[in-house]
Structures are given as C-alpha cells and as structure tokens.
1. Kindly evaluate ASP166 against the criterion of being in contact (Cβ under 8 Å) with a residue 24 or more places away in the chain, of a type outside the set (Ser, Thr, Tyr) and either farther than 25 Å from GLN62 by Cα or part of a loop (DSSP other than H, G, I, E, B) (or both).
2. Within the stretch 107-142, track down each residue that is open to solvent by less than 40 Å² (accessible area, probe 1.4 Å) and hydroxyl-bearing (Ser, Thr, Tyr).
3. Name the residue that is surrounded by the most Cβ atoms within 10 Å (Cβ to Cβ), counting only residues in the stretch 79-106 that are in contact with a Phe, Trp or Tyr (Cβ under 9 Å, 6 or more places away or on another chain), at pLDDT 95 or above and part of a loop (DSSP other than H, G, I, E, B).
4. Name the residues in the stretch 109-154 that are part of a strand (DSSP E or B) and among the aromatic types (Phe, Trp, Tyr), would you?
5. Any idea how many residues of the stretch 68-78 are surrounded by 22 or more Cβ atoms within 10 Å (Cβ to Cβ) and over 18 Å from THR136 (Cα atoms)?
6. Identify all residues within the stretch 140-174 that are among the charged types (D, E, K, R) and over 30 Å from GLY32 (Cα atoms); write none if there are none.
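The values are calculated or read from the model by the stated rules, or taken from the named source; none is laboratory data. Since this is a predicted model, take the numbers as computed values, not measurements. No Cβ is skipped: glycine too gets one built from the backbone with ideal geometry, and neighbour counts run over all protein chains shown. Note: accessible area is taken over every heavy atom of the protein model, side chains too, but ligands, DNA and RNA are not part of it. Shrake-Rupley method; radii C 1.70, N 1.55, O 1.52, S 1.80 Å.
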Amino acid sequence: MAKAAVSFIVLSFLLVGLAEVKAQAPAPSPGGPVDIFAVLKKAGGQFGIFIKFLNTTQVGNQVNIQVNSPTDGMTVFAPTDNAFNNLPSGTLNKLSDQQKILLIQYHVIPKFYSFEDLQTVSNPVRTQANGPDGKTYGLNFTGQNNQVNVSSGAVETQVYNPLRKDPPLAVYQVDKVLVPLDFTADHPAAKAPTGSASSTPAGKSNDGKNATAAKEPSPAPNGAGKMSLELGLVTGILVFCMGLLS
C-alpha cells in the first residue's frame, strides 16, 4: 500500500513536469508556415513568371526557410508578368544562370519592412544579391505623400500596396523588373565578366559577402528536441513505477 502511494506521488510530480515542458514549447504560427508561393498565387495569377524564377533559382525556398525561422523577416518586391514581358527583347535569354539568381535575389531584402518603413528607410537598402566581387547590391527608396518609389539606378518604379503586410514577410507588387545597373548595356560592368563592376553606383552597397548562388540557410529547429524530452520523461515514469511495485 505504501509503495503504491509513493508511486502515485512520484507519478504526479513527473506528469506535472511533462505538462510544464509542453507549456513552454513555442506555439505554431497561426495558419501554418508562411509561403511566398502561396502569397503570389493568391494574388490573381499575374505573377507566373516571377514564381517560375523563384522556383528555378531556389530563391523562393530560401525565402520560405528564412521567414519561418527566427530572423528579421523578409521583404519581397514582386514584378508582374507584364513587367517581365515589357523588358527589351532577349533580356532574360542573355543572362547567365548566375545572373538570373542575382536578378531574383535583387528583389528580396533580408529584413521585414512595412510600407511606412519604406518611406523613411536609409539608402541604399541591402538586398540578398551578392556579386563575386564581394559587393552587395542595394536598392534606393523615396517616399512622399504616402507613395513610395524604388530605384535600382537603372529602373525606377512605384511600390504598390502589399500583397502581404504582416511580419515576418512583406510582399509588394512592382510594375517593372528591378534590373541592376550593372546589367544595362550602357554600364561598363555589362561589357565585363559577370560581377566585375569596379564602381559602386546608386543601388549598390559595399557591406556584402561573396555569394555566387542562392544558398538555403539551416532550417529552424523542428521540435525534435521537445519530443525527445517528452519520451524520456515517460520512460522514466514507467521504469520508476516498475521498480517500486516489484
């Protein structure tokens, strides 16, 4: 009888501890993980080309991993299909695979910016695009009368109201492809090997690191540690009770 009472008391303490472990575990994000592809597809079918490039360059996967991890969030500028179709003929075909990655990364900022933030942000704003020369490509923003324009140095366009505005991911529609100045025919770097620009024009900052392809960051913890702890507690309960009753 005494052994059974002791077992019950110990079992109660262990179960309370297990409940506290579960209570301290982070709750899942409402509505499931954030997905850049789902945001763009929900916007009405006008971002098919951008979605394709997000897929082929793996930049979309990179965005999804980062916004579902403990980071500063992400901001994406999504050109419409018309924006891509209005590029000079052959523009995309002339790009190497590395340049295509850089082009799509140039539309991604590794930090969450609300529409209000973009009106007062300090320029240039660093993007995910990095050249082999170690320089990070940046964008310049100007805001006035509740309107925001974004410039690459070669292209300037208006930033429209967000397709998604809640942290950790903001997605804004733009009606022009943000082509880096280095990609334009009248810029000296366009005649040199990819990424060999020797100057830092508007739309480029110097605080980047080398990155020749879109690399996925390490995924955030997926709860395996919590499950292991719970199994350990349950196993401890069973072993202890069996010892008392034997």
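1. Answer is no for this residue.
2. Result: TYR113, SER114, THR127, THR136, TYR137.
3. Restricting to residues being in contact with a Phe, Trp or Tyr (Cβ under 9 Å, 6 or more places away or on another chain), at pLDDT 95 or above and part of a loop (DSSP other than H, G, I, E, B), the top hit is TYR106.
4. If the condition is that a residue be part of a strand (DSSP E or B) and among the aromatic types (Phe, Trp, Tyr), then TYR137, PHE141 are the ones that fit.
5. Count: 1.
6. Passing the criteria: only GLU156.
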